[in-house]
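Structure incoming, see below.
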Amino acid sequence: MRIARPGPVADRDWTPLTVANAGLAFALEMGMLAALCYWGIKTGNGPVQRTLLAVGAPVLAGVVWALFLAAGGPMVPLPLAAEIVVKLATLGTAALALYDGGLTTLAMVFGCLSVASVAVEYTAG
């Protein structure tokens, strides 16, 4: 098994597996933002705190993603192992947010799909 950093979109070898995984990865990224927003709404004690958490958590995740994981080229390139860890940690926060919000089954499905997607992204093609 070869572990390699996915290249720019134009340089990738697109197979049915990598195309399907790209769609899954995008859905997971959007789901991460939605899960963090949901967590903020469920966790906050008042309207101001709920609003701050519901907006702040997804914004923070988006900033981390843009800095270190953006598909077009991150602003701060990381070593391959660190990139994988940051990606799993960022997606993992969404699974934890779903779990904390009482959506245990959805959290487990999200976590498993995240691990599978990252594994395919860095080993396929």
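The values are calculated or read from the model by the stated rules, or taken from the named source; none is laboratory data. Model, not experiment: these values are computed from the prediction. Side chains are part of the model used for accessible areas, which takes the heavy atoms of the whole protein and leaves out ligands, DNA and RNA. Shrake-Rupley method; radii C 1.70, N 1.55, O 1.52, S 1.80 Å.
Counting alpha carbon pairs within less than 8 Å and at least 6 residues apart, what relative contact order, in whole percent, applies to the chain?
36 percent
Helix-only estimate, please: 222 nm mean residue ellipticity of the chain, summing -39500 (n - 2.57) across DSSP H runs of length 4 or more and dividing by its residues, to the nearest 500.
-25500 deg cm²/dmol
If you don't mind, there's one more thing I want to ask. Does anyone have the angle between helix 16-43 and the longest principal axis of the chain? Alpha-carbon axes, 0 to 90°, nearest 10?
Taking the Cα atoms of the chain, the angle to 16-43 is about 20 degrees.
Same structure again: What's the angle, to the nearest 10 degrees (0 to 90), between helix 104-123's Cα axis and the longest principal axis of the chain?
For 104-123 against the chain, the angle is about 20 degrees.
I would also like to ask the following. Output the 0 to 90 degree angle, nearest 10, between the alpha-carbon long axis of helix 80-100 and the longest principal axis computed from the alpha carbons of the chain.
Orientation of helix 80-100: about 30 degrees from the principal axis.
Ranked by accessible surface with a 1.4 Å probe, highest first, in what order do 51, 43 come?
From most accessible down to least: 51, 43.
Oh, and also: Quick one: check the C-alpha center-to-center distance for the stretch 107-125 versus the stretch 77-94, whole angstrom.
Distance between centres, Cα-based: 12 Å.
At 1.4 Å probe size, with no ligands or nucleic acids counted, give the accessible surface of residue 52 in Å², nearest ten.
120 Å²
Just the number, please: carbon plus sulfur as a percent of the accessible area of the chain, 1.4 Å probe, no ligands or DNA/RNA counted.
74 percent
Still on this structure, I have one more. Residue by residue through the stretch 45-53, which ³J(HN,Hα) values in whole Hz follow from phi under the Karplus form 6.51 cos²θ - 1.76 cosθ + 1.60 (θ = phi - 60°), with glycine and proline marked x?
8, x, x, 5, 5, 4, 5, 4, 5
Which one is right for this structure if Rg/Rh (Cα atoms, Kirkwood Rh) is calculated from it: (i) 1.01; (ii) 1.04; (iii) 1.38?
(i)
A follow-up question, please. With springs only between Cα atoms under 10 Å, which of 18, 105, 93 fluctuates most in a Gaussian network model of the chain?
Result: 105 has the largest fluctuation of those listed.
Rounded, prolate or oblate: which fits the stretch 52-125 when a ≥ b ≥ c are the square roots of the eigenvalues of the alpha-carbon gyration tensor, with rounded for a/c under 1.5 and prolate only if a/b beats b/c?
Cα axes put the stretch 52-125 in the oblate bin.
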